[in-house]
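Data first, discussion second: the structure below is written as structure tokens.
The values are calculated or read from the model by the stated rules, or taken from the named source; none is laboratory data. Since the model is a prediction, treat every value here as computed from it, not as a measurement. Using ideal geometry, Cβ is built from the backbone for each residue, glycine included, and neighbour counts are taken over all protein chains shown. These area figures cover heavy atoms from the full protein model, side chains too; ligands, DNA and RNA do not enter into them. Shrake-Rupley method; radii C 1.70, N 1.55, O 1.52, S 1.80 Å.
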Amino acid sequence: MSSGKIAQVIGPVVDVLFAAGEKLPEINNALVVYKNDEKKTKIVLEVALELGDGMIRTIAMESTDGLTRGMEVLDTGRPISVPVGKETLGRVFNVLGDTIDLEAPFGEDAERQPIHKKSTYF
């Protein structure tokens with residue numbers, strides 16, 4: 001899992017710098033920033049664009065309040081995904097696939113699908 005540092009925050013847009021030689025995350029990958037040392041509060045970023053020289057432009061999936069330059073950003077190695085299947089019928093989710101209907105959340109082993117499908121252009 002590669003990691004980088006926040007270079008700048010402009011509203012929901014967060015630029016992340018990865019060290020030379022570090023593997024850059026793929027477009028649409030989810031990146032995670034923990035706002036405190038206990039790793040209880042996280043913000044998910046989605047890779048939107050490679051700017052060059054190890055700089056990645058991302059879009060935050062929630063408020064960027066509390067993010068500052070130099071904070072560590074971790075690449076999850078996969079896109080944002082949501083749970084799928086019969087057990088999801090009638091449930092309410094946020095954009096990240098987290099349950100918001102006050103019922104039990106789905107486990108990490110639940111079947112999930114990315115919110116973006118890769119397209120093939122001819």
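Within the range 1-48, the set of residues being in contact (Cβ under 8 Å) with a residue 12 or more places away in the chain, open to solvent by 80 Å² or more (accessible area, probe 1.4 Å), assigned to a strand (DSSP E or B) and farther than 14 Å from Asp75 by Cβ is empty.
For beta carbons closer than 8 Å, sequence separation of 6+ or different chains, a first residue in the range 60-71 that is in contact (Cβ under 8 Å) with a residue 40 or more places away in the chain and a second that is among the polar types (S, T, N, Q) and open to solvent by 70 Å² or more (accessible area, probe 1.4 Å), the qualifying pairs are Arg69/Gln8. Yes or no: the range 80-93 includes at least one residue that is assigned to a strand (DSSP E or B), within 17 Å of the chain's Cα centre (by Cα) and within 13 Å of Gly4 (Cα to Cα). Within the range 80-93, none of the residues are assigned to a strand (DSSP E or B), within 17 Å of the chain's Cα centre (by Cα) and within 13 Å of Gly4 (Cα to Cα). Of all residues in the range 56-64, at least one satisfies being modelled with pLDDT of 95 or more and either farther than 15 Å from Lys5 by Cα or surrounded by fewer than 16 Cβ atoms within 10 Å (Cβ to Cβ) (or both).
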